[in-house]
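Heads up, the thing below is written out as structure tokens.
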Amino acid sequence: MKSIYIVIMVMIIYSLKFSEQNKPETLKEFLRSHGIYNDDNVDGYDKFGQNTWYPTLKLMKENAPIECGYNQDLYDRTVSFAVIMNRIYQFVTTTYNDRYTYVDVIMYDRLRERYSTKDKHLHLYDGFRVGVNHIIPETLTMGNFKRRLSDLFYGYPLERKKRLQLSLIWQKYKGFTYFSRLLLCCNRFWLVGEFPSTKDGYSIQENHYYDYHALRPTQSFHLVSLSLGNKALNIIHEDGGDAIKIIDFNITTHISSLCYGRHSTQLLRQISATDTCQYSQTFDTMTKSLIDLIQSFNYGFIIFTDLILVSREKNLLLIVDQNLFRTIDQEFPYKIKDVKDFFQCQRKN
Ligand SMILES: *[C@@H]1O[C@H](CO)[C@@H](O)[C@H](O)[C@H]1NC(C)=O
């Protein structure tokens, strides 16, 4: 009897191995099997299911429809945007009964029909809203996130907006990662969370991680969180410092720094972490002006070729070529725009 069991076990193990080897191997097949096509008209894949970061439009439509993602109230409640493959993700907070605050995401499909690189208009019509906790239930409980978020928004209504930072990225062969950073106290204690998905965007029961981050007692930062497609980074200015640094999500690695152009405050350039900004005008004046500029912004994202930084308080945006963060020492002109001249409710014509 025993040997029959062993034979059956061996057969099962072999058949498992064999089916694993039969998985698609080429990049094209792999991408196709994950609903990622070169043809942008083909979008989503039913097998992903609804509670993933990449449901089909048909499944997305089971969520609450949002006619337009831009009005003053929604703008105030928007924490960040992320653009991935053919989708736009708008993260917003929603407070119920003045007491319980949740993080929702409004998803928009057909990216190409929503952004015009020429006019710099982002058309946020016909989105679908779903609670992030429907995609990742653990976001509510890990580190008591929901209670902490609700208490902070309730207890600090005026400064609630700077308490929460969210990013979403997608990495080939890995899937999506949702990052959250909740400022708990004193401008230096955060609850941070990192929620990776499987390759198909399904986030439940993956290796979620959360922890508490603190700065040294004398440190204080202004932080702009960035969703750069496949990377989540921060632009940081440390109080009293003269550098604008680009730092990883965990705030451990100084990757590079940001400067104005050598001869102009209308240009921006990235320099290596070991370098300092060089200006033809007085260093202090230029530095102070750049710090003032960057401190206006709260979050940033990349859409097509443009990097967008958003200021909630000033209702302004900064738009610059996304190659700014891909090159060292190259200068790029930037534009400042009123948000009303960027977010649009009607269709792109
Ligand atoms: C942040 O730090 C944690 C703990 O060391 C690590 O597991 C995680 O991968 C880091 N995240 C990133 C984006 O580097």
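Bear in mind these aren't lab numbers, they're just calculated from the coordinates by the rules spelled out. The structure displayed is predicted, hence computed values, not measured ones. All Cβ positions, glycine included, derive from the backbone under ideal geometry; neighbour counts span all protein chains shown.
Which order do the peptides 176-183, 302-309 come out in when sorted by mean C-beta neighbours inside 10 angstrom, highest first? Please list the in-between numbers first.
Numbers: 176-183: 23.0, 302-309: 18.1.
So the peptides 176-183, 302-309, ranked by packing, come out 176-183, 302-309.
If R0 is 41 Å, what FRET efficiency do you get for residue 231 and residue 159 from their C-beta distance, rounded to 0.05?
0.90
When the label point is put 7 Å from the Cα of residue 323 along its Cα-to-beta-carbon vector, which residues of the range 201-239 have a backbone N closer than 11 Å?
Output list for this probe position: empty.
Roughly what % of Cα-Cα distances in the range 153-262 sit above 25 Å, to the whole percent? Numbers along the way, then the final one.
Values: 1649 of 5995 pairs.
Roughly 28 percent, rounded to a whole number.
Using +1 at the C-beta of Lys and Arg and -1 at the C-beta of Asp and Glu, which of 287, 186, 51 has the Cα lying farthest in the positive direction of the dipole of the chain?
Of the options given, the answer is 51.
On a 0 to 90 degree scale, rounded to 10, what angle separates helix 2-21 from the longest Cα axis of the chain?
Approximately 40 degrees, to the nearest 10.
As I understand it, the value is the acute angle between the Cα axis of helix 283-295 and the longest principal axis of the Cα atoms of the chain; what does it come to in degrees, rounded to 10?
Result, in degrees: 50.
In whole angstrom, how far apart do the alpha carbon centroids of the range 293-345 and the range 153-211 sit?
About 22 Å separates the Cα centre of the range 293-345 from the one of the range 153-211.
Determine, for each peptide in 326-332, 86-92, 237-243, the mean count of other beta carbons within 10 angstrom over its residues, then list the peptides with the highest first.
Result, highest mean first: 86-92, 237-243, 326-332.
Taking a threshold of 28 Å on the Cα-Cα distance, which of the pairs 120/314; 120/174; 120/231; 146/231 fall above it?
Details: 120/314 18 Å; 120/174 31 Å; 120/231 23 Å; 146/231 25 Å.
The pairs that break the limit, which is 28 Å between Cα atoms, are 120/174.
Please work out how much length the chain gains when fully extended from residue 110 to residue 58, using 0.36 nm per residue of separation minus the C-alpha to C-alpha distance, in nm with one decimal.
So the chain would gain 17.4 nm between residue 110 and residue 58.
Under 4 °C and 1.567 mPa s, how fast does the chain diffuse according to Stokes-Einstein, given a Kirkwood radius computed over C-alpha pairs? Answer in µm²/s, whole number.
Rounded, D is 59 µm²/s.
When the gyration tensor of the range 244-348 is built from Cα positions, what are the square roots of 5 times its three eigenvalues, in whole Å, from largest to smallest?
Working through the eigenvalues yields semi-axes of 24, 16, 14 Å.
At residue 304 and residue 119, where each label point lies 7 Å from the Cα along Cα→Cβ, what is the point-to-point distance in nanometres?
Here the modelled spin labels are 1.2 nm apart.
Ordered by residue, what ³J(HN,Hα) values in Hz, to whole numbers, does the range 58-64 give under the Karplus form 6.51 cos²θ - 1.76 cosθ + 1.60, where θ = phi - 60° and Gly and Pro are x?
Whole-Hz 3J(HN,Hα) from phi for the range 58-64: 4, 6, 4, 5, 6, 8, 5.
Would you work out which of 298, 267, 311 lies farthest towards the positive end of the dipole of the range 239-315? Charges go on Cβ: Lys and Arg +1, Asp and Glu -1.
Highest projection toward the positive end goes to 267.
Taking 7 Å along the Cα-to-C-beta vector as the label spot, tell me the residue 336-residue 67 distance in nanometres, rounded to one decimal.
With each label point 7 Å from Cα toward Cβ, the separation is 3.4 nm.
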